[in-house]
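Novice: One structure coming up, written as structure tokens, with questions to follow.
The values are calculated or read from the model by the stated rules, or taken from the named source; none is laboratory data. Since the structure is predicted, the reported quantities are computational estimates derived from the model, not experimental observations. Heads up, the Cβs are rebuilt from the backbone with ideal geometry, glycines too, and the neighbour counts pull from every protein chain shown.
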Ligand SMILES: Nc1ncnc2c1ncn2[C@@H]1O[C@H](COP(=O)(O)OP(=O)(O)OP(=O)(O)O)[C@@H](O)[C@H]1O
Ligand SMILES: [Mg+2]
């Protein structure tokens with residue numbers, strides 16, 4: 001449904017994004033995750049037909065956003081970072097205006113307006129002036145205008161920024177419901193948002209794609225297999241040697257807390273050696289008190305992928 005190939009955009013001499021490529025399948029919700037200035041908004045503006053790229057191609061619903069801009073835009077609903085709302089008109093009038101602007105008229109216009117008001121929970125503020133709405137309601141109106149022409153594709157630039165936890169939750173539910181019928185790209189800084197809402201994630205950093213995968217696979221990929229945490233009673237050096245001797249162990253780290261020894265065992269990817277580890281501990285006459293696998297949080301992955309080594313040094 002969306003196909004992006006080697007998209008590059010310069011601001012002056014500097015490339016805001018370079019060689020960005022990814023696909024979004026029909027009905028999928030794709031998370032666009034990256035730190036400030038990574039190039040999320042730039043990519044989304046190009047996809048929404050608001051700005052041309054300097055190199056590369058982007059297709060939405062089969063239409064090239066540059067050479068078939070009108071057709072592409074007809075298939076895209078765009079919620080910009082800053083929604084341009086008119087403060088002096090009512091929500092109903094605004095949606096009416098946006099509908100006409102997008103070529104929706106007559107009976108269909110009335111039906112679409114009613115539908116988006118329902119989906120975005122804004123029926124109760126239909127006659128209020130936009131300027132008097134709270135931030136959360138303004139955001140809902142922004143989403144409603146993106147949906148008014150019933151586009152196949154939704155591009156949502158940080159749809160939950162600035163909302164309170166209850167509204168964040170509601171917006172996520174709305175987006176999840178929209179997925180399936182729609183193909184959605186949403187950008188966010190909020191990492192749990194991606195795990196909760198998205199089928200796949202594109203992580204971008206400094207204008208380049210750092211990773212594309214499901215939230216689950218990203219975790220697995222970066223952790224190799226899982227790391228295993230073990231609490232063992234016994235002489236530290238001997239326990240460490242015993243664990244290191246197990247086939248598949250890459251490294252062992254001791255973490256001592258309140259007299260309890262925890263060992264973080266890094267294993268080779270794709271092998272599950274929990275049973276071998278437990279057996280080795282028992283053979284060595286140590287006491288195994290606990291054994292857990294620990295995944296890496298999306299936050300850790302994000303930092304690992306987007307933080308340069310020399311920043312940490
Ligand atoms: N109009 C502009 N003129 C010059 N440089 C720009 C312009 N807009 C964006 N940039 C630069 O392009 C890069 C990418 O910006 P972009 O807004 O796409 O990032 P982002 O990932 O959306 O960041 P944020 O999370 O802060 O919204 C940044 O380095 C930014 O400074
Ligand atoms: Mg942005």
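Novice: If you go through the range 173-194 one residue at a time, how many are part of a helix (DSSP H, G or I) and modelled with pLDDT of 90 or more? Please lay out each step first, then the result.
Specialist: Start the filter on the range 173-194 by keeping residues that are part of a helix (DSSP H, G or I), which leaves 173-178, 191-194.
Subset that is modelled with pLDDT of 90 or more: 173-178.
Total satisfying the criteria: 6.
Novice: For the range 40-61, give me the residue count where each residue is within 9 Å of ligand 1 (Cβ to nearest atom) and in a strand (DSSP E or B).
Specialist: 0
Novice: Still on this structure, I have one more. Residue by residue through the range 149-162, note down the ones that are surrounded by fewer than 21 Cβ atoms within 10 Å (Cβ to Cβ) and within 16 Å of ligand 1 (Cβ to nearest atom).
Specialist: 161, 162
Novice: Which numbered condition trips up residue 144, out of (1) buried (at least 23 other Cβ atoms within 10 Å of the Cβ); (2) closer than 12 Å to residue 119 by Cα; (3) at pLDDT below 95?
Specialist: Evaluating residue 144 over (1) buried (at least 23 other Cβ atoms within 10 Å of the Cβ); (2) closer than 12 Å to residue 119 by Cα; (3) at pLDDT below 95 leaves (3) as the failure.
Novice: Could you list, in sequence order, the residues of the range 46-71 that are surrounded by fewer than 23 Cβ atoms within 10 Å (Cβ to Cβ) and either free of Cβ contacts under 8 Å to residues at least 24 places away in the same chain or not assigned by TED's automatic domain parsing to the domain that holds residue 12 (or both)?
Specialist: Within the range 46-71, 52, 62, 63, 64, 66, 67, 68, 69, 70, 71 meet the criteria.
Novice: Continuing with this model, one more query. State yes or no: is residue 212 over 28 Å from the mean Cα position of the chain (by Cα), modelled with pLDDT under 95 and surrounded by 15 or more Cβ atoms within 10 Å (Cβ to Cβ)? If you could, list the steps in order and put the result at the bottom.
Specialist: Working: over 28 Å from the mean Cα position of the chain (by Cα): no; modelled with pLDDT under 95: yes; surrounded by 15 or more Cβ atoms within 10 Å (Cβ to Cβ): yes.
Against the criterion (over 28 Å from the mean Cα position of the chain (by Cα), modelled with pLDDT under 95 and surrounded by 15 or more Cβ atoms within 10 Å (Cβ to Cβ)), residue 212 does not qualify.
For every residue, the table says whether it meets (1) within 12 Å of ligand 2 (Cβ to nearest atom); (2) touching a strand residue (DSSP E or B) at 6+ places or on another chain (Cβ under 9 Å).
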| residue | (1), (2) |
| --- | --- |
| 14 | no, no |
| 21 | no, yes |
| 27 | no, yes |
| 36 | yes, no |
| 40 | yes, yes |
| 52 | no, yes |
| 59 | no, yes |
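Novice: Further question on the same structure: Answer with yes or no whether residue 247 is in a loop (DSSP other than H, G, I, E, B) and either outside the structural domain of residue 39 (by TED's automatic domain parsing) or in contact with a strand residue (DSSP E or B) (Cβ under 7 Å, 6 or more places away or on another chain) (or both). It would help to see each step written out before you state the result.
Specialist: On the way: in a loop (DSSP other than H, G, I, E, B): yes; either outside the structural domain of residue 39 (by TED's automatic domain parsing) or in contact with a strand residue (DSSP E or B) (Cβ under 7 Å, 6 or more places away or on another chain) (or both): yes.
Criteria met by residue 247.
Novice: Against the conditions (1) more than 17 Å from residue 186 (Cβ to Cβ); (2) within 13 Å of ligand 1 (Cβ to nearest atom); (3) part of a strand (DSSP E or B), where does residue 20 fall short? Just the number, please.
Specialist: (1)
Novice: Taking the residues in the range 21-37 that are under 21 Å from residue 303 (Cβ atoms) and touching a helix residue (DSSP H, G or I) at 6+ places or on another chain (Cβ under 8 Å) as candidates, determine which candidate is surrounded by the fewest Cβ atoms within 10 Å (Cβ to Cβ).
Specialist: Applying the filter and picking the extreme gives 35.
Novice: If I go through the range 157-195 residue by residue, how many of them are without any contact (Cβ under 8 Å) to a residue 60 or more places away in the chain and under 9 Å from the mean Cα position of the chain (by Cα)?
Specialist: Residues flagged as without any contact (Cβ under 8 Å) to a residue 60 or more places away in the chain and under 9 Å from the mean Cα position of the chain (by Cα) within the range 157-195 amount to 1.
Novice: Could you say which residue among 37, 12 is within 15 Å of ligand 1 (Cβ to nearest atom), in the same structural domain as residue 126 (by TED's automatic domain parsing), modelled with pLDDT under 95 and within 27 Å of residue 216 (Cα to Cα)?
Specialist: 37
Novice: What's the number of the only condition in (1) under 18 Å from residue 137 (Cβ atoms); (2) modelled with pLDDT of 95 or more that residue 78 fails to meet?
Specialist: It is condition (1) that residue 78 fails.
Novice: If you don't mind, another one. Check residue 105 against each of (1) away from ligand 2 (no atom under 16 Å from the Cβ); (2) touching a residue at least 40 places away in the same chain (Cβ under 8 Å) and name the one condition it does not meet.
Specialist: Every condition holds for residue 105 apart from (2).
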